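Some notes on the structure that comes next.
The values are calculated or read from the model by the stated rules, or taken from the named source; none is laboratory data. In this text, all values refer to a predicted model and were calculated from it rather than measured experimentally. Virtual Cβ from ideal backbone geometry, glycine too; neighbours counted across all protein chains shown. For accessibility, only protein heavy atoms count, side chains too; no ligands or nucleic acids. Shrake-Rupley method; radii C 1.70, N 1.55, O 1.52, S 1.80 Å.
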Amino acid sequence: MAFLTHLLVCVFGMGSWVAINGLWVELPLLVTELPEGWYLPSYLTVVIQLANIGPLLVTLLHRFQPGCLSEVPVIFLILGIGTAACILLAFLWNMTSWIQGGHHSVAFIILTFFLALVDCTSSVTFLPFMSQLPTYYLTTFFIGEGLSGLLPALVALVQGSGITTCVNATEMPGTTLSPVTAVETHITQVPSVTLSLCCTVLGPHPPLSPLTWHLESHYLAPRFSPLLFFLLLSFLMGCCLVAFFLLQRQPWGRQGSIEDLLHSQVILHSIRPRDAEDTSSLGTPASSPGKGTVEVSVARLGPAQLAFIYSVVAFVNALTNGVLPSVQTYSCLPYGPVAYHLSATLSSVASPLACFLPIFLPNRSLLFLGVLTVLGTSFGAYNMAMAAMSPCPILQGHWGGEVLIVLSWVLFAACLSYVKVMLGVILRDRSRSALLWCGAAVQLGSLIGALLMFPLVNVLNLFTSADYCSLDCSV
């Protein structure tokens with residue numbers, strides 16, 4: 001029974017962010033197919049943050065009408081919406097509409113909003129629901145949440161989305177050919193030139209316009225289409241819905257020991273310190289004098305420590321969910337499509353793997369988590385600097401530049417993912433309400449990051465795009 005409950009909790013946690021994570025790892029293919037192109041990530045960050053209306057309503061209801069809203073019907077509702085939206089996305093992802101003089105992916109953006117509504121609302125419903133279960137199930141939940149990024153990333157690696165090659169293309173004076181038509185032009189122009197040259201023997205004719213040759217990007221077809229990819233996301237969302245239904249049907253999934261129940265009640269309703277020999281939910285001492293680090297005892301968290309924790313939660317999520325995703329195309333594509341593909345997928349793999357580390361290497365020191373936050377931020381700063389230097393960042397055209405940008409994105413995701421998980425575990429041991437406000441801080445930080453970056457990318461145009469194959473940074 002315990003194994004079955006762990007399995008259901010893992011699948012339930014997987015559904016928390018699987019849809020949005022799937023969109024991000026599919027972006028290397030989507031930016032080549034949808035009319036928004038390189039601007040698509042910045043559009044997505046804003047659309048995703050607009051979906052914070054869901055968690056905002058839930059948080060306000062908990063604050064001003066405590067007890068009036070049960071997580072169970074809300075979770076059933078959002079999981080049903082998420083499954084339906086994924087199915088529709090599979091068939092409507094490339095449908096465009098003519099708006100204000102251009103084609104736009106209206107259906108894709110609207111369905112992305114509903115998927116984001118599901119995932120954002122999960123931050124303030126899934127974690128409070130998990131407070132009803134014994135503490136050790138929370139680690140299983142975080143493992144499942146990690147799989148929400150790992151599984152789509154592995155599928156995207158197999159799919160080979162967004163991979164390009166450079167081809168020779170001809171261009172007549174005053175015309176510009178797209179990468180898609182480059183190969184066709186290369187084939188059709190040669191016979192016409194040959195025919196015109198043969199005709200010079202028969203009589204005069206107007207001089208031929210000179211042809212110019214240059215390299216352009218040609219996108220290779222993925223191994224399977226986005227239709228199949230989004231249907232897979234639908235299946236994963238459906239599995240999450242079934243897992244949650246079964247968790248409700250099996251009462252042993254919600255029954256903790258008397259010790260767990262008393263432990264939660266004491267944390268929620270009492271402020272007395274724990275004994276010095278008390279242990280945390282991960283089995284590590286809550287506090288040990290003389291170690292030189294600041295270990296967190298959840299019952300002794302003061303206002304300053306709580307303010308620090310919530311501030312770090314908001315800051316980390318602003319970087320990972322709003323600021324850096326908006327410029328990933330600009331920081332990676334100048335190094336080539338392979339660098340972008342690996343950065344998008346491997347960073348999504350690194351994030352869930354980092355969620356496993358607290359099981360083996362739990363560290364509740366706020367000093368350590370603060371240092372790790374600074375380290376992860378430094379990798380993010382490098383990524384941002386390369387985006388600002390686009391289309392000619394440092395080491396562009398050199399294999400070392402590709403390696404550095406991929407490593408920087410992977411380490412950025414890994415460091416900050418570990419910080420997010422550990423801060424969530426600390427707040428879980430404090431109270432159910434602390435988890436609710438943790439989810440609110442997650443969404444607030446993500447919203448601020450997205451609203452900050454959208455005008456910089458789409459209005460002020462501080463970042464420059466270019467075709468990798470025709471790029472010349474030698475000047």
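General observations
- Element breakdown for the stretch 324-461 at a 1.4 angstrom probe: carbon and sulfur atoms account for 80% of the accessible area.
- The stretch 46-151 - percent of accessible surface contributed by carbon and sulfur, probe 1.4 Å: 73 percent
- Phi angles across the stretch 6-19 convert, under the Karplus curve 6.51 cos²θ - 1.76 cosθ + 1.60 with θ = phi - 60°, into 3J(HN,Hα) values of 4, 5, 5, 5, 5, 5, 4, x, 4, x, 5, 9, 5, 5 Hz, Gly and Pro given as x.
- Gain on full extension, evaluated as 0.36 nm per residue between LEU4 and ALA385 minus their Cα-Cα distance, stands at 132.5 nm.
- Legend: calculated FRET efficiency, PHE76 to ILE53, from the Cβ-Cβ distance at R0 = 22 Å, rounded to 0.05, equals 0.70.
- Per-pair calculated FRET efficiency, R0 = 51 Å: SER365 and CYS473 via Cβ, rounded to 0.05: 0.70
- Once all protein chains are placed together, SER433 keeps about 50 Å² accessible to a 1.4 angstrom probe.
- Overall form of the stretch 2-52 per C-alpha gyration tensor (a/c, 1.5; a/b vs b/c): oblate
- Amide H contacts of SER390 (H built 1.01 Å from N, under 5 Å, at least 5 apart or other chain): THR464
- Taking a point 7 Å from the Cα of VAL338 along the Cα-to-Cβ direction, the residues of the stretch 384-409 with backbone N closer than 12 Å to it are 398-400, 402-403.
- Computed FRET value (nearest 0.05) for PHE356 with CYS392, which takes r as the C-beta separation and R₀ as 35 Å: 0.40
- Average Cα contact separation per residue, the stretch 1-120, under 8 Å, 6 or more apart, as relative contact order %: 36 percent
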